[in-house]
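Trainee: Have a look at this one before I ask anything.
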Amino acid sequence: MPLKYKRILLKLSGEALMGGKGYGIDAATVDFLAKEIRDVASMGVQISIVIGGGNIFRGVQGSLEGMERASADYMGMLATVINALALQNALEKYDLPTRVQSAIEMQELAEPYIRRKAMRHLEKGRIVIFAAGTGNPYFTTDTAAALRAMEIGADVILKGTKVDGVYSSDPVKDPKARKFSELTYMEVLKKGLGVMDSTAVTLCMDNNLPIVVFNLRGKGNIRRAVEGKKVGTLVRGNDGAGIKKKNS
């Protein structure tokens, strides 16, 4: 089947690596993700990844508990580097060439983020994991994902979550919650839906970059999203921008 999206940015929350644990990294879950990514890579898709750090430390939570916000956010960025290295290790077990690029320089562990170098890695078939968010406090990894996706010319942001799309309310708490198959950026912002933070959604809206929100735990879901099959919720522009956008 032809690909709808040739170059993707996969956004993973840190919590996605926990599996059934309440904290940290679950090896079986990371291995599952590596296999799913390997499947998509075998199709010739150029893959970049932004990963959060909430399974280890969340800057916002730290600031709520009395920690100075900038310091808390830097700690959160370091947590994303730990997750990036864990995912890199899992991917390389399956012989997938992978590079970690960090927005905070730490040359013993990762390359510094350089846009042109990242694009060259993708063109050569390497998976690029962007770590440390934007390198600035007060910005989430959602915003980092939107920023990096536009910098590298990604066709779509695929946001893997614990649920199978975007709902009108929390489906775990509200049995009457309604799932949306498609939404516009403005609908997401006006309804206050938890797709990504408002800064990230606005960046995507300004650049007509589509977002697909889907259940990361479903086997084959990343592949289905790349092929353009119905999976999760598609967020796009009013004029259909985001549906039409793809490489020729």
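The values are calculated or read from the model by the stated rules, or taken from the named source; none is laboratory data. Everything numeric in this text was worked out from a predicted model, so none of it was measured. Virtual Cβ from ideal backbone geometry, glycine too; neighbours counted across all protein chains shown.
Trainee: For the subset of the stretch 187-237 comprising residues that are among the hydroxyl-bearing types (S, T, Y) and touching a residue at least 12 places away in the same chain (Cβ under 8 Å), which member is nearest to T141 (Cα to Cα)?
Mentor: The selected residue is T199.
Trainee: Another question, then. For T184, indicate whether it is surrounded by fewer than 21 Cβ atoms within 10 Å (Cβ to Cβ), hydroxyl-bearing (S, T, Y) and at pLDDT 95 or above.
Mentor: yes
Trainee: Another one. Filter the stretch 122-141 for residues that are more than 18 Å from G54 (Cα to Cα), in contact with a Ser or Thr (Cβ under 9 Å, 6 or more places away or on another chain) and part of a helix (DSSP H, G or I) and give the result.
Mentor: The one that is more than 18 Å from G54 (Cα to Cα), in contact with a Ser or Thr (Cβ under 9 Å, 6 or more places away or on another chain) and part of a helix (DSSP H, G or I): L122.
Trainee: Name the single residue that is surrounded by the fewest Cβ atoms within 10 Å (Cβ to Cβ) among those in the stretch 69-95 being more than 21 Å from L147 (Cβ to Cβ) and either among the acidic types (D, E) or modelled with pLDDT under 95 (or both).
Mentor: Checked the stretch 69-95; the qualifying residue surrounded by the fewest Cβ atoms within 10 Å (Cβ to Cβ) is D95.
Trainee: Restricting attention to the stretch 123-133, report how many residues are on the phi < 0 side of the Ramachandran plot and surrounded by fewer than 20 Cβ atoms within 10 Å (Cβ to Cβ).
Mentor: Count: 3.
Trainee: Do we have T98 as surrounded by 13 or more Cβ atoms within 10 Å (Cβ to Cβ), out of contact with any Gly (no Cβ under 7 Å at 6 or more places or on another chain), of a type in the set (S, T, Y) and closer than 19 Å to K11 by Cα here?
Mentor: Here the answer is yes, as T98 does meet what is asked.
Trainee: Can you pull out every residue in the stretch 152-189 that is within 18 Å of the chain's Cα centre (by Cα) and either among the small types (G, A, S) or closer than 17 Å to M205 by Cβ (or both)?
Mentor: G153, A154, D155, V156, I157, K159, G160, G165, V166, Y185, V188
Trainee: Which one of K159, K179, K173 is surrounded by fewer than 24 Cβ atoms within 10 Å (Cβ to Cβ), closer than 30 Å to S63 by Cα and of a type in the set (K, R)?
Mentor: Testing whether each residue is surrounded by fewer than 24 Cβ atoms within 10 Å (Cβ to Cβ), closer than 30 Å to S63 by Cα and of a type in the set (K, R) leaves just K173.
Trainee: Against the definition (in contact with a strand residue (DSSP E or B) (Cβ under 8 Å, 6 or more places away or on another chain) and either surrounded by fewer than 20 Cβ atoms within 10 Å (Cβ to Cβ) or modelled with pLDDT of 95 or more (or both)), how does A41 come out, yes or no?
Mentor: Judged against the criteria, A41 is a match.
Trainee: Ok, one more. Report those helices (runs of 4 or more DSSP H) wholly inside the stretch 1-114 carrying at least 3 residues which are among the aliphatic types (A, V, I, L, M) and touching a residue at least 40 places away in the same chain (Cβ under 8 Å).
Mentor: Here the list reads 27-41, 69-92.
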